[in-house]
Amino acid sequence: MGTMISEKDAAAYLGISESRLRTLVDRKQVPAYSVGGTYLRFKTTELEGIKGLLTHAADPGTERIFHQEFKKTGRFERFIEFVRANDLYLVGIAIIAAVLYFVFLRT
């Protein structure tokens, strides 16, 4: 199971610009995970495979990536990834809910 990294870190890891990375994500050539509907996260294990597929020609505008089908993940696997990416927030919500319960309902 790979570590989740940010869009900026993924672009640096692959040696391409963030805009180029977004283009590859839009074309479904690089798998990305949406966190909170806004922020993209990438698995390092998947990027390792893609890094080997990226080829840079003399002209930076002619970058190519070989098409590769990525394994579809099931709902449970996506849920586990969501929990791992947001564990701190989920713990915070649980603590706040417990405090509110004891303050308002247990008095």
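Every number here is computed from the coordinates shown, using simple stated rules; none is lab data. Because the structure is predicted, anything quoted here is derived from the model rather than measured. So basically every Cβ, Gly included, is an ideal-geometry build from the backbone, and we count neighbours across all protein chains shown.
For the reader, a short list of remarks on this structure follows.
- Based on the Stokes-Einstein relation at 4 °C and a viscosity of 1.567 mPa s, and on the Kirkwood radius from alpha carbon pairs, the stretch 1-47 is assigned a translational diffusion coefficient of 124 µm²/s.
- Sorting 8-15, 75-82, 40-47, 88-95 by average packing, meaning the other beta carbons within 10 Å per residue, from highest down gives 40-47, 8-15, 75-82, 88-95.
- Phi to ³J(HN,Hα) by Karplus 6.51 cos²θ - 1.76 cosθ + 1.60 over the stretch 3-9, Hz, x for Gly, Pro: 6, 8, 10, 6, 4, 4, 5
- For the stretch 17-24, putting each phi into the Karplus relation 6.51 cos²θ - 1.76 cosθ + 1.60 with θ = phi - 60° gives couplings of 6, 5, 5, 5, 4, 4, 4, 5 Hz, in residue order, rounded to whole numbers and with x for Gly and Pro.
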